[in-house]
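Only one structure is covered here, and it is reproduced in the block below.
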Amino acid sequence: MAQAGPSQSTGRDTGTNPAEGFGLFKVDLAGHLNVTTIKQLSTLLGLNPGEIDMIKGSQTPGLEMVNLLDERGIITPTDIRDLLKMLRKLKLAGVAGRIQSSFQAKTYRANRDQDLDLEEKKRDFIKYSKTAYRTYYETAKPFPSIGKYSVNSIFVEGGIYYLAQEGDSMQKPDVLEPLESYNDILSSPKTKSNRKIIEADPGYGKSTLASQFVYDWCTNNPESPLKDVEILIFLQLRQLEGVKSIYTAIKNSIVPEDEDMDEACIKEILKAYRKSVVMLFDSYDEYPDKKTKTDIFSIIEMKMFQDILVIILTRTLNLPPNLHPETKRIRLTGFGVAERRNYVLKALADDVQLADRIEIQLQRNPFLRDLYQVPLFSTMVAHIAHKWPEIEIFSTVTRFFTYVIACVHNHMKIKKDASTGVPAFETELAKLYRIAFDGLTQKNQQLAWENTYLVSELGQEFYDNYIKLGMLAQEVVFDISLCRYKTVARIWHKIICEFYASHHLVWILSEGASSVASSINVKETLNSINPLDHQYVYRFACGLNKSAADIIIKHLQETEEGRQFAILCMLEQEEKSDQFMQSVKDLVSITINIFSFHAKLLQGSTIQVLEVASAKQIPISCVYLGGCSPRVDESGLNLILESGLSLSILSSLQKLMIFDNNRRLTNEELAAILSYSSQCTSLKVLWFVAYDLQDTIPVGSIPSSLKSRNVKVWNFIEYGLYSRLNLQTGQWQACDNRGNLPGEEGFDAGMVYQWSLANFNQEKPK
């Protein structure tokens, strides 16, 4: 580790003053860089042709390159080793030697004086960081109207998977491999890289995980890989509007206002101790400067801090562009039964009876099974049940959130005088709905507003009440355009923001657009809401108002993905009409495809439809899983897809086809799939396509119900090469080129195999 850094030495131009000595060196360095060398360095730095031409066309191209090297941290007043490495890589050892001699002559005395000073500055910086971060990890609020928790007292790990990125989805589908612990994100060989993306759908605990990492570092958790990291840079990207420099972002987020540590000092610390620095960027999906060239993007793309570990957290469907090929992706997949129970026992006083009661009541509601896999919703239910003994049985997500908001208001009434309550504020709520809608749907998404603006729009009384309720949360951020700190407020969680926004969408569709004086274009409004980004805006709106739902569903049915998502929106209507059930029946009467490259939202929508059909005993013709690498969970009741979503037992399913090119299954894995299939009581045919299976399977591993129902189990290895499992002997028997055993006829497996390949290739994104 380098032992050098910035200093406040008072030497003159002899080189004992760091700034003056380094300035003299930069002038000398510019003289060593000719046009050819500048062009070669530009290529190594990843500059595009336009940027290279701009430097070469300057009157002082040498100084332009030197300033760029300084901005990128390639050279600092204490270290030019990165530049020397680049020059030697270009086989310019002679130039490197002369530059090194110049640097030593002009900065040696200053660097020697700085050695001890740097260590002190680093200690100060770490102290500032831990003080700033403490307010973050000690103020977790799993439910709006309750008190604040330390994140470590409520953190429960859900499903965590590493996403392999090798190959294409046809010949070599991506595979999700489970990680044993959140610490494996940092330390597992599977995730070894200096750039890591942690992705998850809304409510799946990205920010909670980030907060736990911060807690582990601040408290020197002995079980955490972060215990050996000297410096942790934690930034909430949503707070960095207009901030182009990473050093400015760090200073404004970490360094106290009354301390004089500047950007240059921070730059020197990071440069000198870069071997023991980790950066953690939360809320990329809310980053306001996605259209601007900033240091954040240079860092994500590995154009800066190449030897520093950087972790970025974002929504699944909102990945940064131009990711470096070495970037590893980790996905959070939510809570199962065990995780829900663990949360109750950890966060709510080890209440075993409460944990049992919640699980019993959740099993009564098949429509919202996916809802409680979302950690945010699961924790909400736990805290509601802790306060109110009887959990209402919900049939829609909209009904659940309406109940949550009512519980928050009721909690405020209990805390205040019972006769006072919370004012209705209907006019102000309508304004908040509009603010939330505009913020979500505008080109540069806005999810935080200056408190003075909200007070002017909503009134002081409403604002104060919502702060006390916990539905609005305040934070102090630095406004780079005004060079001052300001207080902003944001709605407690983005999904709550979508709930509020959905009310305004309902108004637009049911009243606003029908007004004579209205200039609202319904089509443009709906086109501004991408269901893959704002699924809950649509779902809530459909649950709130039937006429709005009719317009939304008609709009969604105009696209391939939208058609199946429209069914999910229909699920939000409390009254399930005959039209709804007919739509489900029509959809499952033909093959239902779930492909590995489908968006998770589309996969989830499809699974919802299948489970509704199964619950109503509507026959499901065929489910085709393309490249999803399904595995059976420990309970034996769910197929877990590589996306992390689960497909439960479908009692009305007639045919199941699983395609994974040349995937090898052990007999234990095959037996688990056979066991799952046997519980689909209407199943007649199970097709494996292009699987590598063992020649025999122990007869005891074959469920008796498959035998009694004479379920056909095929493996289509390639066109013209088929085998069928003999359920009595456990042997795979060769079939003819149509898939029939000796003495059979009438079945043409070749058509199935060809359809499988053609369908997968046709659906696969180009």
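Among residues of the range 250-269 being of a type in the set (Asp, Glu) and in a helix (DSSP H, G or I), the one that is most open to solvent (accessible area, probe 1.4 Å) is 263. When the test is whether a residue is outside any strand (DSSP E or B), of a type outside the set (S, T, N, Q), farther than 21 Å from residue 553 by Cα and open to solvent by 20 Å² or more (accessible area, probe 1.4 Å), residue 611 does not pass it. Among the residues of this structure, residue 692 does not count as one that is of a type in the set (Asp, Glu), surrounded by 20 or more Cβ atoms within 10 Å (Cβ to Cβ), modelled with pLDDT under 90 and closer than 30 Å to residue 731 by Cβ.
Quick check, is residue 247 open to solvent by less than 40 Å² (accessible area, probe 1.4 Å), hydroxyl-bearing (Ser, Thr, Tyr) and modelled with pLDDT under 95? No: the conditions fail for residue 247. Every listed requirement among (1) modelled with pLDDT of 80 or more; (2) touching a Pro at 6+ places or on another chain (Cβ under 9 Å); (3) farther than 23 Å from residue 528 by Cβ is met by residue 593 save one, (2).
The requirement of being in a helix (DSSP H, G or I), open to solvent by less than 10 Å² (accessible area, probe 1.4 Å) and of a type in the set (A, V, I, L, M) is not satisfied by residue 233.
Remark: residue 677 matches the filter, which requires a residue to be closer than 24 Å to residue 641 by Cβ, hydroxyl-bearing (Ser, Thr, Tyr), surrounded by 14 or more Cβ atoms within 10 Å (Cβ to Cβ) and in contact with a strand residue (DSSP E or B) (Cβ under 9 Å, 6 or more places away or on another chain).
Looking only at the range 192-223, filter to residues that are under 14 Å from the mean Cα position of the chain (by Cα) and in a helix (DSSP H, G or I); which one of those is surrounded by the fewest Cβ atoms within 10 Å (Cβ to Cβ)?
Applying the filter and picking the extreme gives 207.
Does at least one position in the range 178-191 carry a residue that is within 24 Å of residue 326 (Cβ to Cβ), in a loop (DSSP other than H, G, I, E, B), among the basic types (Lys, Arg) and open to solvent by 30 Å² or more (accessible area, probe 1.4 Å)?
No, there is no match, as no residue in the range 178-191 is within 24 Å of residue 326 (Cβ to Cβ), in a loop (DSSP other than H, G, I, E, B), among the basic types (Lys, Arg) and open to solvent by 30 Å² or more (accessible area, probe 1.4 Å).
In this structure, does residue 585 turn out to be of a type outside the set (S, T, N, Q), open to solvent by 20 Å² or more (accessible area, probe 1.4 Å), in a helix (DSSP H, G or I) and more than 26 Å from residue 433 (Cβ to Cβ)? Considered against the rule, which asks whether it is of a type outside the set (S, T, N, Q), open to solvent by 20 Å² or more (accessible area, probe 1.4 Å), in a helix (DSSP H, G or I) and more than 26 Å from residue 433 (Cβ to Cβ), residue 585 comes out as yes. The range 531-580 holds helices (runs of 4 or more DSSP H) entirely within its bounds, and those carrying 3 or more residues that are modelled with pLDDT under 85 and more than 21 Å from residue 497 (Cα to Cα) map to 560-570.
In the set (1) in a strand (DSSP E or B); (2) open to solvent by 10 Å² or more (accessible area, probe 1.4 Å); (3) aliphatic (A, V, I, L, M), residue 311 fails one condition alone, (2).
Here is a yes/no grid of residues against (1) open to solvent by 20 Å² or more (accessible area, probe 1.4 Å); (2) among the aromatic types (Phe, Trp, Tyr):
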{"residue": "696", "(1), (2)": "yes, no"}
{"residue": "713", "(1), (2)": "no, no"}
{"residue": "716", "(1), (2)": "no, yes"}
{"residue": "731", "(1), (2)": "yes, no"}
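So, of the residues in the range 338-359 that are touching a residue at least 24 places away in the same chain (Cβ under 8 Å), open to solvent by 20 Å² or more (accessible area, probe 1.4 Å) and part of a helix (DSSP H, G or I), which turns out to be farthest from residue 208 (Cα to Cα)? Looking at the filtered set, the residue picked out is 357. Filtered by the rule that a residue be among the hydrophobic types (A, V, I, L, M, F, W, C) and either surrounded by fewer than 18 Cβ atoms within 10 Å (Cβ to Cβ) or in a helix (DSSP H, G or I) (or both), the range 48-84 gives 52, 54, 55, 63, 65, 66, 68, 69, 83, 84. The set of residues in the range 93-129 that are touching a Phe, Trp or Tyr at 6+ places or on another chain (Cβ under 8 Å) and modelled with pLDDT of 85 or more comprises 102, 103, 122, 129. Yes or no: residue 700 free of Cβ contacts under 8 Å to residues at least 24 places away in the same chain, surrounded by fewer than 17 Cβ atoms within 10 Å (Cβ to Cβ) and not basic (Lys, Arg)? Against the criterion (free of Cβ contacts under 8 Å to residues at least 24 places away in the same chain, surrounded by fewer than 17 Cβ atoms within 10 Å (Cβ to Cβ) and not basic (Lys, Arg)), residue 700 qualifies.
Is it true that some residue in the range 640-658 is part of a loop (DSSP other than H, G, I, E, B), within 22 Å of residue 589 (Cβ to Cβ) and of a type in the set (Gly, Ala, Ser)? Looking for residues that are part of a loop (DSSP other than H, G, I, E, B), within 22 Å of residue 589 (Cβ to Cβ) and of a type in the set (Gly, Ala, Ser), one finds at least one in the range 640-658, hence yes.
Yes or no, residue by residue, for (1) free of Cβ contacts under 8 Å to residues at least 40 places away in the same chain; (2) more than 25 Å from residue 176 (Cβ to Cβ); (3) touching a Phe, Trp or Tyr at 6+ places or on another chain (Cβ under 8 Å):
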position	(1), (2), (3)
262	yes, yes, no
279	no, yes, yes
284	no, no, no
293	no, yes, no
296	no, yes, yes
326	no, no, no
333	no, no, yes
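The values are calculated or read from the model by the stated rules, or taken from the named source; none is laboratory data. The model shown is predicted, which means the values in this text are computed figures rather than measured ones. Don't worry about glycine lacking a Cβ; one is built from the backbone with ideal geometry, like all the others, and counts go over all protein chains shown. For accessibility, only protein heavy atoms count, side chains too; no ligands or nucleic acids. Shrake-Rupley method; radii C 1.70, N 1.55, O 1.52, S 1.80 Å.
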